[in-house]
Amino acid sequence: MLSLDTNVLVRLLVDDPGSEKQCQAARRAVEDAQEVFVGQVAQIETVWVLKRAYGLPKTYIIQVLEHLQNNHAFVLDQRDVFESALALYRDSNVEFSDGVALAVSRSRNAQLLTFDKRLLKLDGTASIRV
């Protein structure tokens, strides 16, 4: 099985006019492998790249994440955490990376300490008194 770096995963998911050859090569490699591993860091970085570098809207990014979730070619690191983070990202106003942090904390029965006011609205978080 192959494991995907963020830049390869992004080329799979986005038709980048400046990287057509890379997009084609990435798609061929994944097609040949039939199944690829997507680590948690690549999941988080991909959302960041899609939002910041490509300026894609949250609705589109959610569709991309749902594609990763539903396509059996992608073996997701900590699938349960990914799915919880996706639900938090979809249903609240937190960033995907914050959703991952909260989902990991919840899976460990731990409270997530944060200063993030949006994140503090969700169960499983706690604020530090300043």
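Roughly what angle does helix 58-70 make with the longest principal axis of the chain, taking Cα atoms, 0 to 90 degrees, to the nearest 10?
The answer is roughly 70 degrees.
Cα axis of helix 79-91 to longest principal axis of the chain: angle in degrees, 0 to 90, nearest 10?
Approximately 70 degrees, to the nearest 10.
Stretch residue 90-residue 73 to full length: gain in nm at 0.36 nm per residue minus the Cα-Cα span?
Roughly 3.9 nm would be gained on extension.
At 0.36 nm per residue, minus the direct Cα-Cα distance, what do residue 54 and residue 5 gain on full extension? Give it in nm, one decimal, please. Intermediate results must be reported in sequence, preceding the final value.
Numbers: separation 49, 0.36 × 49 = 17.64 nm, distance 1.74 nm.
Additional length available on full extension: 15.9 nm.
Just tell me which aspartates and glutamates come within less than 13 Å, Cα to Cα, of residue 58; anything on the same chain fewer than 8 places away is out.
Reachable aspartates and glutamates: 66, 91, 95.
No lab work stands behind these numbers, since they all come straight from the coordinates. Fair warning: this is a prediction, and the values are worked out from it, not measured in the lab.
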